[in-house]
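**Student:** Questions regarding the structure given below will be posed in turn.
The values are calculated or read from the model by the stated rules, or taken from the named source; none is laboratory data. Remember, predicted model here, so these are calculated numbers, not experimental data. All Cβ positions, even for glycine, are placed from backbone atoms using ideal geometry, and neighbour counts span all protein chains on display.
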Amino acid sequence: MTTPMTFEGFPKDSVTFFEELVENNDRDWFEANKPRYEDSVLTPSRLFVGAMGEALRELSPDVVADPRVNRSLFRIYRDVRFSKDKRPYKTNLALLFWEGEGKRMTCSSYYMHLEPPNLMLAAGLYQLPRHLLDTYRDEVADPAVGPALSDIVATLEASETYQVGGERYKRVPRGYDKEHPRAELLKRKGLYTWLEVPVPEEFFSAELVGWCLNHWRAMEPLHAWMRAMTTQYEPDEE
């Protein structure tokens, strides 16, 4: 079988592979089906990252799209060292396109997650790293930039398409007015917007790039605000 050099969509077997992995999450099955994983999941994922990265630069010129495992591609192997759940493999495909100066998981990003029967797209920061929490709160409280985030979140929440997520503390952090107009945003531990739908037909064709781009375009204002916020972080001088 000739490997395509351009992204033409994920094969139907990419979905079937993860459906079967749920029922056969063991090393013997995976090793026997590893060629399927490489052909139906890994290779098209790398091609998609390349094509999607080029398209995303229309929205975010400095976005990073690196088709290597542990970069834009998440590992399929689970870290079970400290887990009671000893199943060795993740039953999903996760891809990340990040933008910023820090490590990939500390930057605002665009995210795609396939976990049959659904596909999810998201943008933002799932969990704010500890060193960014104060910066995030200061920016939320800042009357010059905080209201823009409120407007972005309100627009997304008012849509019938996107949701806004992120864990939050029970109380407004110490040092901020409990009655602050953006108190709920100040409580956030992370902030992102997301969409989850049954795997669309576009997933199996080159049209997936445009489909994702259209949704990420709607999410981009939140990503851009979070991206700008991370640039305000200044490490403490020793």
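**Student:** Has the range 181-196 got at least one residue that is without any contact (Cβ under 8 Å) to a residue 60 or more places away in the chain and within 18 Å of the chain's Cα centre (by Cα)?
**Tutor:** No, there is no match, as no residue in the range 181-196 is without any contact (Cβ under 8 Å) to a residue 60 or more places away in the chain and within 18 Å of the chain's Cα centre (by Cα).
**Student:** Still on this structure, I have one more. From the list SER72, SER108, which residue is of a type in the set (Ser, Thr, Tyr) and in contact with a Gly (Cβ under 7 Å, 6 or more places away or on another chain)?
**Tutor:** SER108
**Student:** State which residue is modelled with the highest pLDDT when the search covers only the range 78-104 and only residues that are in contact with a Ser or Thr (Cβ under 9 Å, 6 or more places away or on another chain) and assigned to a loop (DSSP other than H, G, I, E, B).
**Tutor:** Out of the qualifying residues, it is GLY100.
**Student:** Looking at PRO129, is it within 18 Å of the chain's Cα centre (by Cα) and at pLDDT below 95?
**Tutor:** yes
**Student:** Are there any helices (runs of 4 or more DSSP H) wholly within the range 137-238 with 1 or more residues that are among the hydroxyl-bearing types (Ser, Thr, Tyr), and if so which?
**Tutor:** So the answer is 146-158, 208-230.
**Student:** Output the residues belonging to the range 1-45 that are in contact with a Lys or Arg (Cβ under 7 Å, 6 or more places away or on another chain), under 14 Å from GLU115 (Cβ atoms) and part of a helix (DSSP H, G or I).
**Tutor:** Within the range 1-45, PHE17 is the sole residue that qualifies.
**Student:** Run PRO147 past the list (1) touching a residue at least 60 places away in the same chain (Cβ under 8 Å); (2) farther than 30 Å from ARG36 by Cβ and report the number of the one that doesn't hold.
**Tutor:** Single failed check for PRO147: (1).
**Student:** For the range 51-74, state whether one or more residues are farther than 30 Å from ALA206 by Cα and either modelled with pLDDT of 95 or more or not hydroxyl-bearing (Ser, Thr, Tyr) (or both).
**Tutor:** For the range 51-74, residues farther than 30 Å from ALA206 by Cα and either modelled with pLDDT of 95 or more or not hydroxyl-bearing (Ser, Thr, Tyr) (or both): absent.
**Student:** Still on this model: Checking GLU54 against (1) surrounded by fewer than 17 Cβ atoms within 10 Å (Cβ to Cβ); (2) without any contact (Cβ under 8 Å) to a residue 40 or more places away in the chain; (3) in contact with a Lys or Arg (Cβ under 9 Å, 6 or more places away or on another chain), which test does it fail?
**Tutor:** It fails just one condition, (3).
**Student:** Out of the range 86-100, which residues are under 22 Å from VAL209 (Cα atoms), free of Cβ contacts under 8 Å to residues at least 60 places away in the same chain and of a type outside the set (Phe, Trp, Tyr)?
**Tutor:** Once the filter is applied, which keeps residues that are under 22 Å from VAL209 (Cα atoms), free of Cβ contacts under 8 Å to residues at least 60 places away in the same chain and of a type outside the set (Phe, Trp, Tyr), the range 86-100 yields ALA94, LEU95, LEU96.
**Student:** Select from the range 13-48 the residues that are among the basic types (Lys, Arg) and surrounded by fewer than 14 Cβ atoms within 10 Å (Cβ to Cβ) and write down the one among them that is farthest from LEU96 (Cα to Cα).
**Tutor:** Ranking the qualifying residues of the range 13-48, first place goes to ARG27.
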